[in-house]
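This report concerns only the one structure given below.
The values are calculated or read from the model by the stated rules, or taken from the named source; none is laboratory data. As the structure is a prediction and not an experimental result, all values here were calculated from the model. All Cβ positions, even for glycine, are placed from backbone atoms using ideal geometry, and neighbour counts span all protein chains on display. The protein model used for the area step is the full one, side chains on, heavy atoms only, and it has no ligands, DNA or RNA in it. Shrake-Rupley method; radii C 1.70, N 1.55, O 1.52, S 1.80 Å.
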Amino acid sequence: MTRLALIIGSTRPRRRSDFVAAWVEETARRHLAGSVIDFERLDVADFGLPLLDEPYPAAYGMPYRHEHTRRWSEAVASYDGFVFLTAEHNRGIPASLKNAIDYLYGEWAHRAAGFVGFGGSGGVNAIAQLRGVCAELRVAAVRPQVELGAFTDMATDDPADVDDLGRMAAREHQAAALGGMLDEVVALAEALRPLREAHGPVPADA
Ligand SMILES: Cc1cc2nc3c(=O)[nH]c(=O)nc-3n(C[C@H](O)[C@H](O)[C@H](O)COP(=O)(O)O)c2cc1C
């Protein structure tokens, strides 16, 4: 069984990530129907992570001091691959997502990843930044990425109303783009299995 997690990186109240994540989940489940792939939501907001408060960098392989780190570590290490859902905050990934990534090290190694970005320009700057972070952590990223535009793949009834968060109105090609990206993530996650098995679930310095 190959296990994939949809990592939701923005944790702010009234985030749009909720309705974008719902679209990704529904579209992915339809695409993966009939396969033996587990596709689960892994929401950074559920882990209550403060700003990184472990006394040693995770790359040192020391036991974690805090329960919130152990919970996050156990969850991340249980997956074979990830789909990062990232909003774009000031041309980068949300600080909450970077913070959550930095908590861990070996838990990320030799896993596959794909990206769904969203924002005014489809989250392309956030995804570009995330690709560099993944390279450092030995997360193998696939080339295809899904770029959901705030003005092209979402709709609002009243753009002047700050309380109208809007909803998904994804262009037709986006579901196929997500499916193609998922297929590559699954293939890469499965190809990397021998490396994960050789290093154990949480290699200290893979
Ligand atoms: C702090 C902040 C900075 C933002 N900067 C950008 C940006 O640089 N580029 C962009 O396209 N959208 C930007 N936006 C708009 C976000 O893409 C949009 O608000 C989106 O809903 C954020 O995702 P979230 O609601 O799940 O946090 C920014 C939003 C916030 C809150």
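Sum up the charges of everything whose Cβ sits under 10 Å from the Cβ of ASP164, counting Lys and Arg as +1 and Asp and Glu as -1, but leave ASP164 out. Cβ neighbours under 10 Å give a net charge of -3. In this label model, THR152 and GLU136 are separated by 3.0 nm, measuring between points 7 Å along each Cα→Cβ vector. Of the residues LEU182, HIS199, LEU52, the one whose Cα sits farthest towards the positive end of the charge dipole of the chain is HIS199 (charges of +1 on Lys and Arg Cβ, -1 on Asp and Glu Cβ, taken about the Cα centre). Each of SER78, SER10 has its accessible area taken with a 1.4 Å probe; listed largest first, they run SER78, SER10. Computed over neighbours whose Cβ is under 13 Å from that of ALA100, the net charge equals -4, Lys and Arg +1, Asp and Glu -1. Using only alpha carbons, segment 24-113 has a radius of gyration to Kirkwood radius ratio (Rg to Rh) of 0.99. If the chain linking ASP164 and ALA128 were pulled fully straight, counting 0.36 nm for each residue of separation and taking away their Cα-Cα distance, it would gain 10.1 nm. Taking Lys and Arg as +1 and Asp and Glu as -1, the other residues whose beta-carbon sits under 12 Å from that of SER121 total -2. If you wrap the tightest convex hull around every Cα atom of segment 138-206 and split its volume per residue, you get 132 Å³. Here segment 1-155 has an Rg and Dmax of 15.1, 47 Å, counting Cα atoms alone. Only helical runs count toward this figure. For the chain, summing -39,500 (n - 2.57) over DSSP H runs of n ≥ 4 and dividing by all residues gives -11000 deg cm²/dmol at 222 nm.
Once C-alpha pairs closer than 8 Å and six or more residues apart are averaged by separation and normalised to the residue number of segment 65-206, the relative contact order reads 27 percent. Relative to the longest principal axis of the chain, what angle (0 to 90°, nearest 10) does the C-alpha long axis of helix 173-191 take? Helix 173-191 sits roughly 10 degrees off the main axis of the chain.
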